[in-house]
1. Of the residues that sit in the stretch A:248-306 and are part of a loop (DSSP other than H, G, I, E, B) and hydroxyl-bearing (Ser, Thr, Tyr), which one is surrounded by the fewest Cβ atoms within 10 Å (Cβ to Cβ)?
2. Any idea how many residues of the stretch A:353-406 are assigned to a helix (DSSP H, G or I), under 25 Å from A:TYR320 (Cβ atoms) and open to solvent by 10 Å² or more (accessible area, probe 1.4 Å)?
3. Answer yes if at least one residue in the stretch A:233-247 is open to solvent by less than 50 Å² (accessible area, probe 1.4 Å), hydrophobic (A, V, I, L, M, F, W, C) and part of a loop (DSSP other than H, G, I, E, B), and no otherwise.
4. Kindly provide the set of residues from the stretch A:357-370 that are in contact with a strand residue (DSSP E or B) (Cβ under 9 Å, 6 or more places away or on another chain) and free of Cβ contacts under 8 Å to residues at least 60 places away in the same chain, ordered by number.
5. What's the total number of residues in the stretch B:212-235 that are more than 10 Å from chain A (Cβ to nearest Cβ) and of a type outside the set (Asp, Glu)?
6. Pull up the stretch B:244-293, narrow it to residues that are touching a residue at least 12 places away in the same chain (Cβ under 8 Å) and of a type in the set (Lys, Arg), then point me to the one that is nearest to the other protein chains (Cβ to nearest Cβ).
7. Taking interchain pairs and intrachain pairs at least six residues apart, which have beta carbon atoms under 6 angstrom, with the first residue in the stretch A:85-110 and open to solvent by less than 30 Å² (accessible area, probe 1.4 Å) and the second of a type in the set (Ser, Thr, Tyr)?
8. Of all the residues that make up the stretch A:141-173, how many are within 8 Å of chain B (Cβ to nearest Cβ) and not acidic (Asp, Glu)?
Amino acid sequence: MQSAAVITPSTLSVNDLPWQIEWDKDTCTLCGRCTAVCPVSAIELGVHRKRTVEATPALAKKPTNSYSIYHGIRQRTDPAYHCIGCAMCNMVCPNNAIAPRLRPEATTLKFHNNRGGAARTRGGRRNDGGSLLDQIKFIRISMLTDPALDAGRHEFNLRTLLGRIQPPEEGLAALADNAWVPAVREIYPLMIGSMSFGALSPNMWEGLVMGVTYLNEEMGMPVRMCTGEGGCPPRLLRSRFLKYMILQVASGYFGWDEIIKALPDMKEDPCAIEIKYGQGAKPGDGGLLMWYKVNKLIAAIRGVPMGVSLPSPPTHQTQYSIEESVAKMIQSMSMAWGFRVPVYPKISGTTTSTAVLNNLVRNPYAAGLAIDGEDGGTGAAYNVSMNHMGHPIATNLRDCYENLVISGKQNEIPLIAGGGIGKNGNLAANAAALIMLGASAVQSGKYIMQAAAGCLGSEHDRCNVCNIGVCPKGITSQDPRLYRRLDPEKVAERLVDVFLSFDTELRKIVAPLGRSTSLPIGMSDGLGISDYHVAERLKIKYVV
Amino acid sequence: MCRLFALSSRDPVSPMRAIEALNVMKEGHDGSGVGLFLSDLGGPFGEMKDAPILSGIFTDEGLNCLDAYMGERGFVTRKTLVLEPRTKAPLGTPLRGTYMARAYEMPADLKAKSKAEQELAFMLMRVELRRMGEAAENIRVFSFWPDTIMIKEVGDPMAIGEYLGLDRPELDCRRILAQGRQNTNYAINLYACHPFFLQGVCTMTNGENTAFVPIREYLLSRGFPGYMGYQSDSEVFAHIMHYTINRLQFGIEYYKHIITPLSDTEMEAHADRALLARIKQTCRKLIIDGPNCVIGCLPDKTMFMVQDRKKLRPGVVGGKPGIFAFSSEICGLDAAIPDRDQNADFQPMHLDTAIVRPQCQEVTICNQLQSLPRPH
């Protein structure tokens, strides 16, 4: 008997890994495409020695052994090379001979993904398939007390306002006096959430911007996209398409040298400025672009050296009080564009969001509040932050909206909700539920990546390697060998598909509720849920 | 569905004329209730135009509370009209107490105050009386306002008309709003019965308001004590009109721009696009989402009808110089003013506001695409 290999505490077997490779020797052609494509080198060429015992019945002859060698695949069990379940091996296999299978009961790897004392970092999402938003039903159906509307033929106005809206008396007086009024944009209520140039590959970004432009200029849908913290390509800054972009400034100020330099050459104002104070996927943590992805282009746009990790601080360096510093930052940003551009903060969902909101209510320049719930995604974060930190979006949003209703400001400060919208594919239903709970607009990033670019991430810890630049679809990679897999034209096409189908579904939800002339913001009487405590908490109907 | 009928006449007419019109439209409503707004009164009340009239239903205990309340505030009764029942109560109509309209002499200190202060005082007193009587249901007040009487009850409009003797000459008046149905979309409650009154503004509505909850929340948060109640989704139409003329100082022509603003494309070609865009933006929470036909009367006795953005409810206006009527159905109009020129009947569409001024000379149609009078 052969002696066993050395067994260390972190020596794992394939059965200890959640994603296990199934490989069929008979159909495998040994073409080698699977091992070449695997982004994490989880599989390698296996040279297998096989012994066959040849014995005759009743041992008429003494048994003999024959030895053969066959070639195939071996799954590596070193935790550093565990299979991530992306299934690119299956995608490239000509004979469908290989595929990863999820074995959720195999949890041993979880205890060994901190080699060298480095806590696990990854991209992706919270890895929790549960969704409260999916449970919300739309229950106020118009039929006889008022006729249902026709989603296909009636006139619908499903736009929202981004910017500080004055109370009627003040707004009308300002018009009469020709006084300054805050900038307000009429936009589509589904916004593309902040994903930076750097987190995303150049092809992905180009595809998104092309798709957004097409939606605006050909389909008449005022869709807006937030840049995330990473600046904006210089040509885009100087183009007329800037008006479709929301520029984000965050605690690292990455990319803002280029933006400020481009100011005198800008042909259009950006749609808005988003000041990021927090992110749902990693609340209390700054942004993170790991060194793998900081190539020459990214370094140039961000104004940093190549090949260094770019962690943004958890907070803005100038910030010490919400009353003063946030107000100052909003004012500084407003001033940079002559008070013609809405400026709003984005925070992660937190029990302190109502305190932030109440402060913004008293600041006449604050153009809104974006709240990102715990189900938000990210390109890179510590696993613990992603899985355990943060506040669900539904109650956070509802509390904020109710606060606005108490102070009578519900039309004045738009709330933008994000984090987990469409996490299980129900984008329009989740968006409509949040709008009826009080959101003026919703932001989505992950769904857009999945639907427009084919991101493989799921709530089962699949892929999630956005942080190290090996995205097998080329969505979050800065390696041209990978991102050339992604055709920007096709991304743009898919983005348009996503928005058009979303628009149809949104109409299919609001039409039976008898709503068409304005977005049903805060129409909570139309919502129901079969969980009593949730119904009580959200002040919607309890239905069973 | 509710059926609505409104009359504007140069000379006082009996409210029964409106009740009869409701009766011919009976196929369209369930006869479950009636609400009446009577203003610009003839008869004895017409001779005391400045005296606020309290309308409501009171138990004996409620009357005692009322007398004590009004006495404390220095209000002295000038005239009381009790609608003594003339028949047995119709089936389904409960015995609630005394149906009464009582005109008061204001105390001297209130008389010395401005009209706005007086109007605020009347409204606050009505709201306070309503709250006082809510728990024991011994006081129900529908209006407290000069030259205005309101009556509401559950039951068939014609039967209620005969029961309360609404043909009595003291009730003759020049402006009538009549609605034939108890609100059945929400709990049965007299306060949910149209028309709704607030400081001289009165409206009634056909159709359910799907944007009710956000509008109610918005009005409740305006900090005005009269924006209360909302037992019916239709009450918000009266309060939006009140907000339009009292808070925003706009005329009737602007009401439709607030509840059903033009689309951006329509607005682009409008002479007042800057103002309209600002109204649409700042008053966004007051946008209704139909299907609704709203008929109402303003403090200056102008009467109007507007439709929702898709014109999903019936409504017609017609008449002859001296008397005009607004009706859910043409048969109602035929019953009330048979000798009019039917060719001149007008059914307001999705952009129209039909207006009859107190002189009752003509129907003016204000289309949302027309330019607007400057706000005063």
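1. Here the residue is A:TYR253.
2. Selection size over the stretch A:353-406: 8.
3. No.
4. A:LEU357, A:ASN359, A:LEU360, A:LEU369
5. Going through the stretch B:212-235 one residue at a time, the tally reaches 10.
6. Looking at residues that are touching a residue at least 12 places away in the same chain (Cβ under 8 Å) and of a type in the set (Lys, Arg), I get B:LYS285.
7. What qualifies is A:ALA97/A:THR27.
8. Selection size over the stretch A:141-173: 13.
The values are calculated or read from the model by the stated rules, or taken from the named source; none is laboratory data. Treat the numbers as computed from the prediction; the structure is a model and nothing was measured. Please note: Cβ atoms are built from the backbone with ideal geometry, for glycine as well, and neighbour counts cover all protein chains shown. We work out accessible area using only protein heavy atoms, side chains counted, and drop any ligands, DNA or RNA first. Shrake-Rupley method; radii C 1.70, N 1.55, O 1.52, S 1.80 Å.
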